[in-house]
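Q: Here you go, one structure.
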Amino acid sequence: MKKIAFLFPGQGSQTVGMGYDLFQEYDFVREIFAAADDIAGVPISQYCFKGPMKTLTETVNLQPAVTAVNLACLDVIQRAGITCSFSAGHSLGEYSALASATVVSMADTLRLVFKRGELMHRESLKHKGAMSAIIGLDIQAVDALVKAGRNTGVISVANHNSEQQIVVTGAPEAVAAVSETAESQGARAIPLKVSGAWHSDLIKGAEDEFIAYLNTFPFNSPANTVIHNVTADRCEDGKAIQRLMALQLCSPVRWYDSIRRLVSEKVEVFVEVGPGSVLTGLLKKNVPRDYDHAVYSVNNMKTLEALVSELS
């Protein structure tokens, strides 16, 4: 039997209309969206299906919205009889990975991401932040730029997405200074449309409150292997996973290392489970060209049927 990994997207993968055909087709998907609406206290399902995009992309709405779509896609795949040996999620998506491994329940996953989004939104209003994707330099070069850039203000690496695609995060002036230096070294720097400096010390004010909230939930040992953002490694203990998720808020997302780890584990099938195709694009950069594997993306009925016909 082939080794399958489920990969779950995070913020930046959203589109208006996401999840709607699955919602129309399945009662159990409608239940997931109803739970998201109830937990958030706002019509998350309507933001997903009808927008407006501005409201959907507010962090406090976006985190439960993307997670609801991830969980809906996961549920339809699992009910079709397709299971994974490994899972991983990009930043916010890691919570969906935990749900896929039954570390936390689907309902608790939605509660956790709503609280996370609420706290991150609050901190972003207190501390103006920016993020920029540096393309064309490796992690050692960007780390050096970030270290030098700390003279200008708070800055750190947010995401190591591929070998030479690294997102920096922090105070706007520090991000601008590092971006300018990177460009002087031949890289491209692309400012990201975000409302805060995610995975930086500028949202550290949320950490203690989020840890206290995390600690009110049961975390089980994983039913399949989760590769975590903070370590790019597995963890078999529920309490230790809980601690990793507390660290994840302000730590870099080691996505490049996580995918390389899945390759070292001989994963043969990668399935992006949720809206968009951001992670599918990163797989093309991160998986060696001579490595024998298949990639699927499931976010609607058509892509679900394609996956089932191939793997069932």
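Coordinate-derived values only; no laboratory data. Model, not experiment: these values are computed from the prediction. Neighbour counts run over all protein chains shown; Cβ positions are idealised from the backbone, glycine included.
Q: For segment 254-312 and segment 27-68, write down the distance between their C-alpha centroids in whole Å.
A: First find each Cα centre; the distance between them is then 25 Å.
Q: What ranking, highest mean first, results for peptides 242-250, 46-54, 6-14, 141-149 when packing means the other Cβ atoms within 10 Å averaged over each residue?
A: Values: 242-250: 19.6, 46-54: 16.0, 6-14: 26.2, 141-149: 17.9.
Ranking, from highest mean packing down: 6-14, 242-250, 141-149, 46-54.
Q: Classify segment 130-193 as rounded, prolate or oblate from the Cα gyration tensor: take a ≥ b ≥ c as the square roots of its eigenvalues, call it rounded if a/c is under 1.5, otherwise prolate when a/b beats b/c and oblate if not.
A: rounded
Q: Once you have all Cα-Cα distances for the chain, histogram them in 20 Å bins from zero and send the whole-percent values.
A: 35, 59, 6
Q: For ASN215 and ALA34, what does the FRET efficiency come to when R0 = 22 Å and r is the distance between their Cβ atoms, rounded to the nearest 0.05?
A: The computed FRET efficiency comes out at 0.20.
Q: Additional query: Name the helices (complete DSSP H segments) of the chain with a Cα length along the long axis of 24 Å or more and a Kyte-Doolittle mean of at least -1.0, or state none. Walk me through the numbers on the way to the answer.
A: Details: long enough: 59-79 (30 Å, 0.74); 106-126 (31 Å, -0.43).
Within the chain the helices that satisfy the rule are 59-79, 106-126.
Q: For segment 74-111 and segment 194-208, compute the distance between their C-alpha centroids and round to whole Å.
A: That distance is 24 Å.
Q: Further, regarding this structure: Using a Gaussian network for the chain with springs between C-alpha atoms less than 10 Å apart, which of these wobbles most: VAL113, VAL287, VAL60?
A: Looking only at VAL113, VAL287, VAL60, the biggest GNM fluctuation is shown by VAL287.
Q: How big is the dipole moment of segment 130-193 about its Cα centre under a simple scheme where the beta carbon of each Lys and Arg is +1, that of each Asp and Glu is -1, and everything else is neutral? Debye, nearest 20, please.
A: For this selection, approximately 140 debye.
Q: Still on this structure: With charges only on Cβ, +1 for K and R and -1 for D and E, what is the dipole size of the chain about its Cα centre, in debye, rounded to 20?
A: Computed about the Cα centre, the dipole is about 360 debye.
Q: For a paramagnetic label modelled at 7 Å from the Cα of ARG122 toward its Cβ, which residues of segment 188-218 fall within the zone defined by backbone nitrogen distances under 19 Å?
A: Answer for segment 188-218: 195-217.
Q: Turning to a different aspect of this structure: Length gain on complete extension for the stretch ALA80 to ARG234, per 0.36 nm per residue less the alpha carbon to alpha carbon distance? Don't skip to the end; give the middle numbers.
A: Numbers: separation 154, 0.36 × 154 = 55.44 nm, distance 2.63 nm.
Once the chain is fully extended between ALA80 and ARG234, it gains 52.8 nm.
Q: Peptides 267-275, 20-28, 122-130: what's the order by average Cβ count within 10 Å, highest mean first? Before the final figure, lay out each step's value.
A: Values: 267-275: 25.1, 20-28: 15.1, 122-130: 17.2.
Put in order of decreasing packing, that is 267-275, 122-130, 20-28.
Q: Find how much the distance from THR55 to GLU305 grows on full extension, using 0.36 nm per residue of separation minus their present alpha carbon separation; answer in nm with one decimal.
A: Full-extension gain reported as 86.9 nm.
Q: While we're here: By its C-alpha gyration tensor, with a ≥ b ≥ c as the square roots of the eigenvalues, how is segment 69-137 shaped: rounded for a/c under 1.5, else prolate for a/b larger than b/c, else oblate?
A: On the way: a/c = 3.20, a/b = 1.58, b/c = 2.02.
Since a/c reaches 1.5 but b/c is at least a/b, the shape of segment 69-137 is classed as oblate.
Q: Per-residue counts of other Cβ atoms within 10 Å, averaged by peptide: what ranking do you get for 84-94, 251-261, 297-307, highest first?
A: Top to bottom by mean Cβ count within 10 Å: 84-94, 251-261, 297-307.
Q: Could you tell me which of the pairs LYS54/LYS204; LYS50/LYS302; LYS126/LYS204; LYS239/LYS266 are separated by over 22 angstrom between their Cα atoms in the structure shown?
A: LYS54/LYS204; LYS239/LYS266
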